[in-house]
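The values are calculated or read from the model by the stated rules, or taken from the named source; none is laboratory data. From a predicted model like this one, the values you see are computed outputs, not experimental measurements. Here Cβ is always computed from backbone atoms with ideal geometry, including for glycine, and neighbour counts include all displayed protein chains.
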Amino acid sequence: MSTTTVMASEIAFREAGAGEPVVLLHSSASFGGQWRALQDRLAARFHVLAPDLYGYGATAPWTGERALRLADEAALVESVAARAAGASAGPMQGRTGGPVHLVGHSYGGAVALRLAHEGRLALKSLTLIEPVAFQLLENSDPWGVTYLNGILQVADTVTLAAARGAHAEAMECFVDYWSGQGAWRSLGPAQRCAIAAAAPKVALDFQAVMLEESRALDYAALDVPTLILCGGRSPAPTRRIVALLDMAIPGARLKVVPEAGHMMPITHPELVNPLIVEHLCPETAGMDRAA
């Protein structure tokens, strides 16, 4: 485990391998360790970094005096990417040196979109796994507004329950939304206890996402090879977001994993990881699938 410092907060990240940098961003209620299998797979060819976002894993909680924004998580990622680029960690002006392969899942995908939109991180490729860019649903179409209202209800339930200390109640709503009714109760007591502890940060994640103001048209200027992954069993709102991004980002490739849902990097790594590897190094895709 390695660390760096951002605004006096200690940021933890896992790193392995050498070569072109790959930065992996995890979902809410998770940590950089969710990418362990992919990190091991890529380490022979890439310098792979998997940071813990604020309040997850071994990274310190957000302690700013204002509400957490995706831009704050993006600054955390910039600091980790600076290490990969051989630059000094901390606040930077302009782009981080050296192109980076950026992979983001769910909340991490929303952070990745923020980084891509800001243009402060030089990107060699972008992989988005159902980013929770809920703001794209607003004014998209009647269905999008309906989906957004449903998400807002989940966010309110999680936030209010977390605020009164009912962490298990908050995370039961969260887990069942993303993984299906009854998913929470199917977890063991130790798993439920560990996930419940994330409730206060999950509430902050919802707030950060809802404060995001970028729109689909903002991504039309992206000029980077982009892979978008969607689960065939995922909730309708994220499938709609993925469709909007596919239309907005020039040359984006959308791939659906029919057997998987929103948590596919964790539940179906054997299906997801080869697609990411192929996107990062297409010239070895056939050999990778045969391995």
Item to complete: Go through the residues of the stretch 51-63 one by one and say whether even a single one is in the same structural domain as Leu123 (by TED's automatic domain parsing), in contact (Cβ under 8 Å) with a residue 24 or more places away in the chain, of a type outside the set (S, T, N, Q) and touching a Pro at 6+ places or on another chain (Cβ under 7 Å).
Response: yes
Fill in: Members of the stretch 140-182 that are over 21 Å from the mean Cα position of the chain (by Cα) and of a type in the set (A, V, I, L, M, F, W, C)
Trp143, Val145, Leu160, Ala161, Ala162, Ala163, Ala166, Ala168
Practice prompt. Looking only at the stretch 185-213, count how many residues are within 19 Å of Phe31 (Cβ to Cβ) and either among the charged types (D, E, K, R) or part of a helix (DSSP H, G or I) (or both).
Written response: 17
Item to complete: Examine the stretch 189-211 for a residue that is touching a Lys or Arg at 6+ places or on another chain (Cβ under 9 Å), buried (at least 21 other Cβ atoms within 10 Å of the Cβ) and not aromatic (Phe, Trp, Tyr), and state whether such a residue exists.
Response: yes
Worksheet item: Which of the residues spanning the stretch 105-129 are more than 18 Å from Met264 (Cα to Cα) and assigned to a strand (DSSP E or B)?
Response: Leu121, Ala122, Leu123, Lys124, Ser125
Discussion item. Asp246 - would you say it is surrounded by fewer than 21 Cβ atoms within 10 Å (Cβ to Cβ) and either in contact (Cβ under 8 Å) with a residue 60 or more places away in the chain or over 21 Å from Glu118 (Cα atoms) (or both)?
Written reply: no
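With Val154, Val158, Val132, Val175 as the choices, which residue is surrounded by 13 or more Cβ atoms within 10 Å (Cβ to Cβ), outside any helix (DSSP H, G or I) and hydrophobic (A, V, I, L, M, F, W, C)?
Going through Val154, Val158, Val132, Val175 in turn, the sole match is Val132.
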Worksheet item: Can you spot a residue in the stretch 197-213 that is of a type outside the set (Phe, Trp, Tyr) and without any contact (Cβ under 8 Å) to a residue 12 or more places away in the chain?
Response: no
Fill in: Among (1) crowded, with 19+ Cβ neighbours inside 10 Å; (2) closer than 20 Å to Asp72 by Cα; (3) of a type outside the set (Phe, Trp, Tyr) - the single one Ser125 does not satisfy
(2)
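When the stretch 135-151 is examined, which residues are found to be polar (S, T, N, Q) and surrounded by fewer than 16 Cβ atoms within 10 Å (Cβ to Cβ)?
Scanning the stretch 135-151 gives Asn139, Thr146, Asn149.
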Worksheet item: Does Val277 satisfy the criteria of being within 23 Å of Glu138 (Cα to Cα) and either in a helix (DSSP H, G or I) or modelled with pLDDT of 95 or more (or both)?
Response: no
Worksheet item: Quick one: in the stretch 7-52, which of the residues that are among the polar types (S, T, N, Q), under 15 Å from the mean Cα position of the chain (by Cα) and outside any helix (DSSP H, G or I) is nearest to Ala170 (Cα to Cα)?
Response: Ser28
Worksheet item: How do the pairs read when you match residues in the stretch 254-276 that are more than 14 Å from Arg239 (Cα to Cα) with residues anywhere that are among the acidic types (Asp, Glu), using Cβ under 8 Å and keeping only pairs 6 or more apart or on different chains?
Response: His268/Glu259; Leu271/Glu259; Pro274/Asp288
Worksheet item: Can you find a residue in the stretch 12-23 that is of a type in the set (Val, Ile, Thr) and surrounded by fewer than 19 Cβ atoms within 10 Å (Cβ to Cβ)?
Response: no
